[in-house]
Amino acid sequence: MAVQRALVCLAAIAMLFQLAMAANHTVGAPGGGWDTSTDLQAWAVSQTFSVGDNLIFKYTTNHDVLEVTKANYDSCGTSNPMKTHTGGNTVIPLSTPGKRYFICGSRTLWPRNED
């Protein structure tokens, strides 16, 4: 019984430690943001993301954050997002490992999307 308690206690401590290690990543910070003046590819490469971290998007309310497939990201396709976030301040938890793709639905941020 004492061994089981010790294991449960260690597991709880490990979970708390993992939560304490979670990081908040403000997209584009410190010198930029969710806009065309920021090299978001370079920003993303400079970060180390882990499950449990949060992406924080800060943007003006005439913009949004769309989570899309890789195909839609590559083509700047905004018509069928998996998720849409609005309001100017969006927190997206990274709850699973893997790549995720985000774009803005505003045509001003995706000039390749213009006809």
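The values are calculated or read from the model by the stated rules, or taken from the named source; none is laboratory data. Values in this document were obtained by computation on a predicted structure and should not be read as measured data. Heads up, the Cβs are rebuilt from the backbone with ideal geometry, glycines too, and the neighbour counts pull from every protein chain shown.
Using the structure shown, decide if residue 39 is at pLDDT 95 or above and acidic (Asp, Glu). Considered against the rule, which asks whether it is at pLDDT 95 or above and acidic (Asp, Glu), residue 39 comes out as no. Hey, could you check the stretch 15-33 for residues that are surrounded by 10 or more Cβ atoms within 10 Å (Cβ to Cβ) and farther than 18 Å from residue 94 by Cα and say which is modelled with the highest pLDDT? Within the stretch 15-33, the match that is modelled with the highest pLDDT is 33. Residues that are at pLDDT below 95, closer than 18 Å to residue 40 by Cβ and part of a loop (DSSP other than H, G, I, E, B) within the stretch 69-97 comprise 76, 77, 78, 88, listed in sequence order. Considering only residues in the stretch 34-59 that are among the aliphatic types (A, V, I, L, M) and outside any strand (DSSP E or B), the one that is surrounded by the fewest Cβ atoms within 10 Å (Cβ to Cβ) turns out to be 45. Every test in (1) touching a residue at least 24 places away in the same chain (Cβ under 8 Å); (2) part of a strand (DSSP E or B); (3) surrounded by fewer than 17 Cβ atoms within 10 Å (Cβ to Cβ) is passed by residue 66 save one, and that test is (3).
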